[in-house]
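Reading through the structure tokens given below for one structure.
The values are calculated or read from the model by the stated rules, or taken from the named source; none is laboratory data. The structure presented is a predicted model; accordingly, all values stated were derived computationally and were not measured. Note that each Cβ is placed from the backbone with ideal geometry, even for glycine, and that neighbours are counted across all protein chains shown. We work out accessible area using only protein heavy atoms, side chains counted, and drop any ligands, DNA or RNA first. Shrake-Rupley method; radii C 1.70, N 1.55, O 1.52, S 1.80 Å.
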Amino acid sequence: MARNPERRTALLDAAIEVLADEGARGLTFRAVDARAGVPTGTSSNYFSDRDQVLSEVADRIFVRLTPEPGAIDAALLPEPSRALVVELMRWLARRMTAQRTCYLGLFELRLEAARRPELQARFTQVLREDLDLNIRLHVGSGMPGDADTVRVLYFALTGLLLDHFTVPGLHAERDLDELVETVVNRIVPAG
């Protein structure tokens, strides 16, 4: 296996683009090579098989979606309130919108995980850790609501973003920030 970390990252980023544009069925070594602009066969020098590509793409997406160090701490500095939760959820939705390709790739990988137990196990682990962290941050910072509030916000934002990316005309009369505010105001107690 080749050991150029920059090339490996470029191939993974190309694979994310392929997933977002062509779906999981379109994710082949040849498609990744073409998207990365490298000679045919390059990907097969870095990954033993398609399952390895899927697993490493998942890890790469999570890295790309992780906020910069200190960003969460800075976001939690204001006084805990429903209004702050609205702003945090808007910030999160904007981050996901800015990483549209990653988020679409994530949707594709979720569907693929339904058919691949090893990928499902990895997703479950990473998403559970992320959800647990969000619950700890929310409750520990004194935000209104409890662990179930965070879970329902997670469900709502996941569904809202799925609609936003896959059927954007569904809620065309309302912008994303407005929808996020409505979701938060319906779920989070006034506290």
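Tell me which of Gln125, Leu157, Ala83 sits at the most positive position along the dipole axis of the chain, charges placed on C-beta atoms (Lys, Arg +1; Asp, Glu -1). Result: Gln125.
The charge dipole of the chain, taken about its Cα centre with unit charges on the Cβ atoms of Lys, Arg (+1), Asp and Glu (-1) only, comes to about 420 debye.
Note that the stretch 123-133 has calculated 3J(HN,Hα) couplings of 4, 4, 4, 5, 5, 5, 4, 5, 5, 4, 4 Hz, one per residue in order, obtained from phi through the Karplus relation 6.51 cos²θ - 1.76 cosθ + 1.60 (θ = phi - 60°); glycine and proline are x.
Taking the 1.4 Å solvent-accessible surface of the stretch 83-133 as the whole, the part contributed by carbon and sulfur is 54%. Summing charges over all other residues whose Cβ lies under 11 Å from the Cβ of Arg35, with Lys and Arg as +1 and Asp and Glu as -1, gives -4.
Descending by average beta-carbon neighbour count within 10 Å, the peptides 127-135, 16-24, 146-154 line up as 16-24, 146-154, 127-135, the highest first. Candidates Gly23, Phe62, Ser48 compared by Cα position along the dipole of the stretch 1-130: farthest toward the positive end lies Gly23, with charges placed on Cβ. Once the chain from Gln99 to Arg116 is taken as fully extended at 0.36 nm per residue, the excess over their C-alpha distance is 3.6 nm. Plainly put, the chain has a radius of gyration that is 1.02 times its Kirkwood radius, both from alpha-carbon atoms, as the Rg/Rh ratio. Between Arg3 and Ala74, the simple label model (points 7 Å from Cα in the Cβ direction) yields a spacing of 3.7 nm. Simple spin-label estimate for Trp91 and Thr66 gives 1.8 nm between the two label positions (7 Å along the Cα-to-Cβ direction from each Cα).
Taking a sphere under 12 Å around the Cβ of Val184 and counting the other residues whose Cβ falls inside, with K and R at +1 and D and E at -1, yields a net charge of -1.
Charge tally for Ala113 (other residues, Cβ to Cβ under 12 Å; Lys, Arg +1; Asp, Glu -1): 0. Qualifying GluC sites (Glu not before Pro) in the stretch 136-191, where qualification requires a DSSP coil assignment and no more than 15 other C-beta atoms within 10 Å, comprise Glu173. Looking at the stretch 73-126, the trypsin sites (Lys or Arg not before Pro) that sit in a DSSP loop and have at most 11 other Cβ atoms within 10 Å of their own Cβ are Arg115.
The gain in end-to-end length when the Asp163 to Ser81 segment is fully stretched comes to 26.8 nm, 0.36 nm per residue minus the alpha carbon separation. The residues of the stretch 7-146 expose on average 52 square angstrom of accessible surface per residue, using a 1.4 Å probe on protein heavy atoms.
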